[in-house]
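The values are calculated or read from the model by the stated rules, or taken from the named source; none is laboratory data. As the structure is a computational prediction, the values presented were derived from the model and not from experiment. Positions of Cβ are backbone-derived with ideal geometry, glycine not excepted, and every protein chain shown enters the neighbour counts. Each accessible area value is taken on the protein alone, full model and side chains, heavy atoms only, with ligands, DNA and RNA left out. Shrake-Rupley method; radii C 1.70, N 1.55, O 1.52, S 1.80 Å.
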Amino acid sequence: MTEETPAQYAGPKRVLSGVQSSGALHLGNYLGALVKFTRLQHEMDTFIFVADLHSITAWQEPALLAAQTREIAAAYIAAGLDPKVATIFPQSAVPEHAELAWIFNCVARLGWLDRMTQFKEKSGQHKERSSVGLYTYPVLQAADILLYKATHVPVGEDQKQHLELTRDIAGKFNHDFDAPGFFPLPESLIQGPGARVMSLRDGLAKMSKSDPSDASRINLMDDADTIANKIKRAKTDPLPVPETVEGLEGRPEADNLVGIYAALTGATKAEVIAEFGGKGFGTLKPALAAVAVDKLGPVGGEMRRLMSDPTEIDSVLKAGAEKARAAAAPVLAETRKRVGFWGA
Ligand code: AQP
(Lines give C-alpha, C1' and ligand atoms only; values in the text may rest on other atoms or scores of the structure.)
Protein backbone atom coordinates (compact mmCIF):
# COMPACT_ATOMS: atom_id res chain seq x y z
CA MET A 1 0.00 0.00 0.00
CA THR A 2 1.21 3.51 -0.78
CA GLU A 3 2.45 5.56 2.13
CA GLU A 4 4.10 8.92 2.25
CA THR A 5 5.30 10.90 5.21
CA PRO A 6 3.00 13.67 6.50
CA ALA A 7 5.96 16.02 6.14
CA GLN A 8 5.35 16.07 2.40
CA TYR A 9 2.15 18.04 2.91
CA ALA A 10 3.15 21.63 3.52
CA GLY A 11 -0.26 23.30 3.99
CA PRO A 12 -1.70 24.79 7.17
CA LYS A 13 -3.17 22.74 10.03
CA ARG A 14 -6.92 22.37 9.80
CA VAL A 15 -9.52 20.47 11.84
CA LEU A 16 -12.55 18.73 10.35
CA SER A 17 -15.14 16.47 11.91
CA GLY A 18 -18.87 15.82 12.02
CA VAL A 19 -21.75 13.92 13.57
CA GLN A 20 -24.57 12.18 11.72
CA SER A 21 -28.06 13.64 11.89
CA SER A 22 -29.57 10.28 12.71
CA GLY A 23 -31.06 10.71 16.17
CA ALA A 24 -30.59 12.15 19.61
CA LEU A 25 -27.00 12.81 20.66
CA HIS A 26 -25.64 11.09 23.75
CA LEU A 27 -22.85 11.44 26.27
CA GLY A 28 -20.48 9.38 24.05
CA ASN A 29 -20.90 11.81 21.15
CA TYR A 30 -20.46 14.71 23.58
CA LEU A 31 -17.23 13.45 25.18
CA GLY A 32 -15.82 11.64 22.14
CA ALA A 33 -16.49 14.47 19.69
CA LEU A 34 -18.22 17.73 20.74
CA VAL A 35 -15.97 18.61 23.68
CA LYS A 36 -12.89 18.11 21.49
CA PHE A 37 -14.34 20.31 18.72
CA THR A 38 -14.86 23.21 21.10
CA ARG A 39 -11.32 22.96 22.41
CA LEU A 40 -9.70 22.71 18.99
CA GLN A 41 -11.56 25.65 17.44
CA HIS A 42 -9.17 27.97 19.29
CA GLU A 43 -6.08 26.08 18.14
CA MET A 44 -6.68 25.57 14.39
CA ASP A 45 -8.95 26.60 11.53
CA THR A 46 -11.98 24.37 12.27
CA PHE A 47 -14.69 22.94 9.99
CA ILE A 48 -17.51 20.98 11.69
CA PHE A 49 -20.35 19.61 9.60
CA VAL A 50 -23.65 17.84 10.16
CA ALA A 51 -23.21 14.52 8.37
CA ASP A 52 -26.62 14.24 6.76
CA LEU A 53 -25.28 12.41 3.67
CA HIS A 54 -23.89 9.79 6.06
CA SER A 55 -27.12 9.60 8.02
CA ILE A 56 -29.15 8.44 4.98
CA THR A 57 -27.02 5.29 4.72
CA ALA A 58 -29.79 4.04 7.04
CA TRP A 59 -33.43 5.07 6.53
CA GLN A 60 -34.28 8.57 7.77
CA GLU A 61 -37.84 9.89 7.71
CA PRO A 62 -37.78 12.72 5.10
CA ALA A 63 -40.20 14.85 7.14
CA LEU A 64 -37.79 14.74 10.10
CA LEU A 65 -34.35 14.95 8.51
CA ALA A 66 -34.01 18.75 8.33
CA ALA A 67 -35.06 19.06 11.99
CA GLN A 68 -32.51 16.38 12.94
CA THR A 69 -29.84 18.38 11.10
CA ARG A 70 -30.79 21.51 13.03
CA GLU A 71 -30.67 19.53 16.28
CA ILE A 72 -27.06 18.50 15.69
CA ALA A 73 -26.13 22.09 14.83
CA ALA A 74 -27.87 23.21 18.03
CA ALA A 75 -25.84 20.65 20.00
CA TYR A 76 -22.60 21.98 18.50
CA ILE A 77 -23.42 25.54 19.49
CA ALA A 78 -24.78 24.56 22.90
CA ALA A 79 -21.62 22.55 23.62
CA GLY A 80 -19.52 25.65 22.92
CA LEU A 81 -18.71 25.80 19.21
CA ASP A 82 -18.70 29.44 18.20
CA PRO A 83 -20.03 30.01 14.65
CA LYS A 84 -17.87 33.13 14.43
CA VAL A 85 -14.79 30.98 15.01
CA ALA A 86 -15.62 27.56 13.51
CA THR A 87 -17.36 26.88 10.18
CA ILE A 88 -20.54 24.89 10.90
CA PHE A 89 -22.44 23.52 7.88
CA PRO A 90 -24.69 20.73 6.57
CA GLN A 91 -22.76 18.24 4.45
CA SER A 92 -25.52 17.99 1.81
CA ALA A 93 -25.30 21.75 1.17
CA VAL A 94 -21.78 21.23 -0.25
CA PRO A 95 -22.20 18.89 -3.25
CA GLU A 96 -18.41 18.76 -3.68
CA HIS A 97 -18.36 16.08 -0.91
CA ALA A 98 -20.29 13.65 -3.11
CA GLU A 99 -18.21 14.38 -6.21
CA LEU A 100 -14.89 13.83 -4.44
CA ALA A 101 -16.33 10.67 -2.85
CA TRP A 102 -17.00 9.28 -6.33
CA ILE A 103 -13.41 9.92 -7.39
CA PHE A 104 -12.21 8.25 -4.17
CA ASN A 105 -14.52 5.28 -4.82
CA CYS A 106 -12.33 4.71 -7.84
CA VAL A 107 -9.12 5.06 -5.79
CA ALA A 108 -10.03 2.89 -2.78
CA ARG A 109 -9.76 -0.88 -3.18
CA LEU A 110 -12.51 -3.36 -2.38
CA GLY A 111 -10.13 -5.26 -0.13
CA TRP A 112 -9.65 -2.15 2.02
CA LEU A 113 -13.39 -1.69 2.52
CA ASP A 114 -13.91 -5.39 3.18
CA ARG A 115 -11.80 -4.98 6.32
CA MET A 116 -13.95 -2.21 7.87
CA THR A 117 -15.35 -3.58 11.13
CA GLN A 118 -18.02 -0.88 11.53
CA PHE A 119 -19.78 -2.04 8.35
CA LYS A 120 -19.77 -5.59 9.70
CA GLU A 121 -21.22 -4.40 13.03
CA LYS A 122 -23.85 -2.11 11.49
CA SER A 123 -24.96 -4.48 8.73
CA GLY A 124 -25.10 -7.41 11.18
CA GLN A 125 -26.94 -10.47 9.93
CA HIS A 126 -28.47 -8.58 6.99
CA LYS A 127 -25.49 -7.55 4.90
CA GLU A 128 -27.27 -8.08 1.57
CA ARG A 129 -30.10 -5.78 2.65
CA SER A 130 -27.80 -2.93 3.76
CA SER A 131 -27.48 0.11 1.50
CA VAL A 132 -24.47 0.35 -0.78
CA GLY A 133 -23.91 3.73 0.90
CA LEU A 134 -23.33 2.04 4.26
CA TYR A 135 -20.56 0.01 2.65
CA THR A 136 -18.85 2.99 0.99
CA TYR A 137 -19.44 5.27 4.02
CA PRO A 138 -15.70 5.41 4.90
CA VAL A 139 -14.90 6.60 1.35
CA LEU A 140 -17.33 9.52 1.76
CA GLN A 141 -15.68 10.17 5.11
CA ALA A 142 -12.29 10.39 3.37
CA ALA A 143 -13.79 12.89 0.92
CA ASP A 144 -15.25 14.96 3.79
CA ILE A 145 -11.81 15.29 5.33
CA LEU A 146 -9.62 15.70 2.27
CA LEU A 147 -11.94 18.16 0.51
CA TYR A 148 -10.74 20.69 3.08
CA LYS A 149 -7.21 19.26 3.27
CA ALA A 150 -7.85 18.72 6.97
CA THR A 151 -4.80 17.59 8.92
CA HIS A 152 -6.48 16.74 12.27
CA VAL A 153 -9.69 14.81 12.84
CA PRO A 154 -11.15 14.64 16.37
CA VAL A 155 -13.25 11.47 16.71
CA GLY A 156 -14.09 8.69 19.13
CA GLU A 157 -12.16 5.42 19.20
CA ASP A 158 -14.71 3.72 16.91
CA GLN A 159 -13.58 5.85 13.96
CA LYS A 160 -9.89 4.96 14.14
CA GLN A 161 -10.01 2.40 11.34
CA HIS A 162 -11.87 4.80 9.03
CA LEU A 163 -9.18 7.43 9.58
CA GLU A 164 -6.52 4.91 8.58
CA LEU A 165 -8.48 4.28 5.38
CA THR A 166 -8.52 8.04 4.71
CA ARG A 167 -4.73 8.09 4.96
CA ASP A 168 -4.50 5.14 2.55
CA ILE A 169 -6.78 6.89 0.04
CA ALA A 170 -4.82 10.16 0.31
CA GLY A 171 -1.53 8.32 -0.16
CA LYS A 172 -2.76 6.33 -3.15
CA PHE A 173 -4.28 9.38 -4.84
CA ASN A 174 -1.06 11.36 -4.37
CA HIS A 175 0.92 8.45 -5.81
CA ASP A 176 -1.38 7.48 -8.70
CA PHE A 177 -1.87 11.05 -9.94
CA ASP A 178 1.74 12.07 -9.46
CA ALA A 179 0.82 14.65 -6.84
CA PRO A 180 3.15 14.18 -3.86
CA GLY A 181 1.88 16.10 -0.84
CA PHE A 182 -1.34 17.20 -2.60
CA PHE A 183 -3.59 15.63 0.03
CA PRO A 184 -2.37 15.52 3.64
CA LEU A 185 -2.35 12.22 5.54
CA PRO A 186 -4.59 13.39 8.39
CA GLU A 187 -4.08 12.45 12.02
CA SER A 188 -6.92 11.27 14.22
CA LEU A 189 -7.24 12.94 17.63
CA ILE A 190 -8.69 10.18 19.77
CA GLN A 191 -6.93 10.30 23.15
CA GLY A 192 -8.65 11.05 26.44
CA PRO A 193 -10.95 9.26 28.87
CA GLY A 194 -14.06 10.12 26.79
CA ALA A 195 -12.76 8.41 23.63
CA ARG A 196 -14.88 5.32 24.19
CA VAL A 197 -17.91 5.75 26.45
CA MET A 198 -19.65 2.44 27.02
CA SER A 199 -23.31 1.54 27.46
CA LEU A 200 -24.71 1.99 30.99
CA ARG A 201 -26.30 -1.46 30.65
CA ASP A 202 -23.29 -3.34 29.26
CA GLY A 203 -19.70 -2.24 29.86
CA LEU A 204 -18.53 -4.13 26.79
CA ALA A 205 -20.84 -2.37 24.29
CA LYS A 206 -20.32 1.18 22.99
CA MET A 207 -22.85 3.79 24.09
CA SER A 208 -24.80 4.22 20.88
CA LYS A 209 -27.80 6.08 19.43
CA SER A 210 -29.06 2.89 17.86
CA ASP A 211 -29.12 0.81 21.09
CA PRO A 212 -32.81 -0.07 21.56
CA SER A 213 -32.51 0.53 25.33
CA ASP A 214 -32.78 4.24 26.20
CA ALA A 215 -31.42 3.36 29.66
CA SER A 216 -28.11 2.43 28.00
CA ARG A 217 -27.26 6.06 27.21
CA ILE A 218 -27.52 9.58 28.59
CA ASN A 219 -29.03 11.81 25.92
CA LEU A 220 -28.00 15.46 25.77
CA MET A 221 -31.67 16.43 26.00
CA ASP A 222 -32.41 14.25 29.07
CA ASP A 223 -33.64 16.25 32.06
CA ALA A 224 -31.87 16.17 35.44
CA ASP A 225 -34.12 13.46 36.95
CA THR A 226 -33.70 11.20 33.93
CA ILE A 227 -29.90 11.59 34.00
CA ALA A 228 -29.75 10.83 37.74
CA ASN A 229 -32.05 7.83 37.33
CA LYS A 230 -30.08 6.33 34.48
CA ILE A 231 -26.84 6.63 36.47
CA LYS A 232 -28.49 5.18 39.57
CA ARG A 233 -29.66 2.16 37.54
CA ALA A 234 -26.35 1.79 35.64
CA LYS A 235 -25.00 -1.75 35.76
CA THR A 236 -22.10 -2.34 38.18
CA ASP A 237 -20.51 -5.34 39.84
CA PRO A 238 -20.87 -6.01 43.59
CA LEU A 239 -17.31 -4.93 44.51
CA PRO A 240 -16.42 -1.42 45.73
CA VAL A 241 -14.52 1.06 43.51
CA PRO A 242 -10.95 -0.35 43.29
CA GLU A 243 -8.06 1.38 45.03
CA THR A 244 -5.76 1.36 41.98
CA VAL A 245 -6.31 2.04 38.26
CA GLU A 246 -5.06 -1.51 37.54
CA GLY A 247 -7.95 -2.76 39.68
CA LEU A 248 -10.35 -1.56 36.94
CA GLU A 249 -9.09 -4.28 34.61
CA GLY A 250 -11.70 -6.95 33.97
CA ARG A 251 -14.39 -4.68 35.47
CA PRO A 252 -15.81 -2.91 32.38
CA GLU A 253 -18.80 -1.27 34.10
CA ALA A 254 -16.67 0.13 36.94
CA ASP A 255 -14.08 1.29 34.43
CA ASN A 256 -16.79 3.04 32.39
CA LEU A 257 -18.27 4.98 35.33
CA VAL A 258 -14.82 6.03 36.57
CA GLY A 259 -13.91 7.03 32.99
CA ILE A 260 -17.08 9.10 32.55
CA TYR A 261 -16.48 10.87 35.88
CA ALA A 262 -12.88 11.59 34.84
CA ALA A 263 -13.89 12.90 31.40
CA LEU A 264 -16.65 15.15 32.78
CA THR A 265 -14.46 16.68 35.49
CA GLY A 266 -11.20 16.86 33.50
CA ALA A 267 -9.51 14.58 36.04
CA THR A 268 -7.46 11.44 35.38
CA LYS A 269 -8.80 8.00 36.32
CA ALA A 270 -6.08 7.86 39.00
CA GLU A 271 -7.46 11.04 40.57
CA VAL A 272 -10.99 9.63 40.56
CA ILE A 273 -9.71 6.42 42.15
CA ALA A 274 -7.86 8.46 44.79
CA GLU A 275 -11.19 10.09 45.71
CA PHE A 276 -13.54 7.09 45.51
CA GLY A 277 -11.29 3.99 45.86
CA GLY A 278 -12.62 1.55 48.46
CA LYS A 279 -16.05 3.23 48.55
CA GLY A 280 -19.18 1.62 47.18
CA PHE A 281 -20.90 2.64 43.95
CA GLY A 282 -23.62 4.04 46.20
CA THR A 283 -21.13 6.89 46.81
CA LEU A 284 -19.72 7.28 43.30
CA LYS A 285 -23.06 7.21 41.47
CA PRO A 286 -24.71 10.24 43.15
CA ALA A 287 -21.47 12.23 42.73
CA LEU A 288 -21.38 11.24 39.06
CA ALA A 289 -25.05 12.16 38.63
CA ALA A 290 -24.41 15.62 40.12
CA VAL A 291 -21.44 16.22 37.77
CA ALA A 292 -23.38 14.96 34.74
CA VAL A 293 -26.39 17.16 35.48
CA ASP A 294 -24.12 20.12 36.09
CA LYS A 295 -22.33 19.67 32.73
CA LEU A 296 -25.16 18.47 30.50
CA GLY A 297 -28.10 20.42 31.96
CA PRO A 298 -27.03 23.76 30.43
CA VAL A 299 -26.23 22.07 27.09
CA GLY A 300 -29.72 20.55 26.87
CA GLY A 301 -31.31 23.84 27.94
CA GLU A 302 -29.46 25.82 25.27
CA MET A 303 -30.36 23.20 22.63
CA ARG A 304 -34.04 23.58 23.51
CA ARG A 305 -33.77 27.36 23.26
CA LEU A 306 -32.04 27.23 19.86
CA MET A 307 -34.51 24.69 18.49
CA SER A 308 -37.56 26.66 19.59
CA ASP A 309 -36.90 29.07 16.70
CA PRO A 310 -34.89 27.72 13.74
CA THR A 311 -33.97 31.18 12.39
CA GLU A 312 -30.66 31.45 14.26
CA ILE A 313 -29.49 27.91 13.43
CA ASP A 314 -30.55 28.24 9.79
CA SER A 315 -28.53 31.40 9.35
CA VAL A 316 -25.47 29.74 10.95
CA LEU A 317 -25.83 26.74 8.60
CA LYS A 318 -26.35 28.93 5.53
CA ALA A 319 -23.31 31.11 6.23
CA GLY A 320 -21.24 28.01 7.10
CA ALA A 321 -22.23 26.28 3.84
CA GLU A 322 -21.08 29.30 1.82
CA LYS A 323 -17.74 29.37 3.61
CA ALA A 324 -17.31 25.61 3.24
CA ARG A 325 -18.07 25.71 -0.50
CA ALA A 326 -15.55 28.49 -0.99
CA ALA A 327 -12.89 26.37 0.77
CA ALA A 328 -13.85 23.17 -1.07
CA ALA A 329 -14.09 24.51 -4.63
CA PRO A 330 -10.38 25.04 -5.35
CA VAL A 331 -9.45 21.64 -3.88
CA LEU A 332 -12.02 19.87 -6.04
CA ALA A 333 -11.01 21.87 -9.12
CA GLU A 334 -7.38 20.86 -8.64
CA THR A 335 -8.42 17.25 -8.06
CA ARG A 336 -10.46 17.23 -11.29
CA LYS A 337 -7.42 18.59 -13.13
CA ARG A 338 -5.16 15.91 -11.66
CA VAL A 339 -7.62 13.20 -12.72
CA GLY A 340 -7.69 14.67 -16.24
CA PHE A 341 -11.39 15.47 -16.68
CA TRP A 342 -12.39 17.45 -19.76
CA GLY A 343 -12.58 21.17 -19.11
CA ALA A 344 -10.83 20.94 -15.73
N1 AQP B 1 -19.70 5.69 22.76
C2 AQP B 1 -18.92 6.63 22.24
N3 AQP B 1 -17.84 7.08 22.92
C4 AQP B 1 -17.04 8.04 22.40
N5 AQP B 1 -17.25 8.61 21.19
C6 AQP B 1 -18.32 8.20 20.48
N7 AQP B 1 -18.82 8.56 19.28
C8 AQP B 1 -19.93 7.84 19.01
N9 AQP B 1 -20.19 7.00 20.03
C10 AQP B 1 -19.21 7.20 20.96
C11 AQP B 1 -18.22 9.58 18.42
O12 AQP B 1 -19.22 10.54 18.09
C13 AQP B 1 -18.93 11.06 16.80
C14 AQP B 1 -20.17 11.08 15.96
O15 AQP B 1 -20.67 9.80 15.74
P16 AQP B 1 -21.79 9.61 14.63
O17 AQP B 1 -23.10 10.00 15.11
O18 AQP B 1 -21.38 10.28 13.39
O19 AQP B 1 -21.76 8.09 14.35
P20 AQP B 1 -21.58 6.88 15.30
O21 AQP B 1 -20.14 6.73 15.64
O22 AQP B 1 -22.17 5.76 14.54
O23 AQP B 1 -22.41 7.26 16.61
P24 AQP B 1 -23.43 6.36 17.42
O25 AQP B 1 -24.03 7.19 18.44
O26 AQP B 1 -22.79 5.12 17.89
O27 AQP B 1 -24.53 6.03 16.38
P28 AQP B 1 -25.02 4.63 15.89
O29 AQP B 1 -25.82 4.05 16.99
O30 AQP B 1 -25.84 5.00 14.70
O31 AQP B 1 -23.84 3.81 15.58
C32 AQP B 1 -17.80 10.23 16.21
O33 AQP B 1 -16.59 10.95 16.35
C34 AQP B 1 -17.78 9.02 17.07
O35 AQP B 1 -16.48 8.46 17.16
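The figures follow:
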{"quantity": "Average Cα contact separation per residue, the chain, under 8 Å, 6 or more apart, as relative contact order %", "calculated": "23 percent"}
{"quantity": "Percentage, to the nearest whole number, of Cα pairs in the stretch 195-344 over 23 Å apart", "calculated": "52 percent"}
{"quantity": "Net charge of Cβ neighbours under 13 Å - reference K279; Lys, Arg +1; Asp, Glu -1", "calculated": "-1"}
{"quantity": "Calculated [θ] (222 nm, deg cm²/dmol) that DSSP helices of n ≥ 4 give over the chain, each run adding -39,500 (n - 2.57)", "calculated": "-15500 deg cm²/dmol"}
{"quantity": "Eligible lysines near K235 by straight Cα distance, threshold 28 Å, same-chain separation 8 or greater", "calculated": "K36, K120, K122, K160, K206, K209, K269, K279, K285, K295"}
{"quantity": "Computed accessible area, T244, all protein chains, 1.4 angstrom probe, square angstrom", "calculated": "70 Å²"}
{"quantity": "Where the stretch 47-138 is the region considered: accessible area per residue in Å², 1.4 Å probe", "calculated": "48 Å²"}
{"quantity": "√(5λ) per eigenvalue of the Cα gyration tensor, the stretch 1-151, largest first, Å", "calculated": "24, 22, 14"}
{"quantity": "Relative contact order [Cα under 8 Å, 6+ residues apart], the stretch 144-264, whole percent", "calculated": "23 percent"}
{"quantity": "On Cα atoms only, tilt of 311-339 relative to the major axis of the chain in degrees", "calculated": "40 degrees"}
{"quantity": "Descending Cα extents along the principal axes, the stretch 8-66, whole Å", "calculated": "42, 26, 17"}
{"quantity": "Antiparallel bridges, percent of DSSP beta bridges restricted to the chain (to nearest 5)", "calculated": "10 percent"}
{"quantity": "Calculated over the stretch 72-216: convex hull of Cα atoms, volume per residue (Å³)", "calculated": "148 Å³"}
{"quantity": "Per residue accessible area in Å² of the stretch 201-344, where ligands, DNA and RNA are left out and the probe is 1.4 Å", "calculated": "52 Å²"}
{"quantity": "Residue-level accessible surface for E249, protein heavy atoms, 1.4 Å, Å²", "calculated": "150 Å²"}
{"quantity": "Relative intensity, log₁₀ I(q)/I(0), of the stretch 249-290 from a Debye sum that treats every alpha carbon as a point, q = 0.28, 0.29, 0.30 Å⁻¹", "calculated": "-1.09, -1.17, -1.24"}
{"quantity": "Sulfur and carbon atoms: percent of accessible area, the stretch 197-284 [1.4 Å]", "calculated": "51 percent"}
{"quantity": "Lys/Arg +1, Asp/Glu -1 at C-beta; the stretch 250-335 dipole; positive extreme among L332, G278, M307", "calculated": "G278"}
{"quantity": "K84, K172, reordered so the largest accessible area comes first (probe 1.4 Å)", "calculated": "K84, K172"}
{"quantity": "Residue with peak Gaussian network fluctuation, the chain [Cα springs, cutoff 10 Å], from S130, S216, S92", "calculated": "S130"}
{"quantity": "Rounded to whole Hz, the Karplus (6.51, -1.76, 1.60) HN-Hα couplings of the stretch 61-76, x for glycine and proline", "calculated": "5, x, 5, 10, 4, 5, 5, 5, 5, 5, 5, 5, 4, 4, 5, 4"}
{"quantity": "Three semi-axes of the equivalent ellipsoid, the stretch 74-145, Cα gyration tensor, whole Å, largest first", "calculated": "28, 17, 10"}
{"quantity": "Rg and Dmax of the chain, Cα atoms only, in Å", "calculated": "20.8, 70"}
{"quantity": "Cut-off 14 Å between beta-carbons: net charge of the residues surrounding A228, Lys and Arg +1, Asp and Glu -1", "calculated": "+1"}
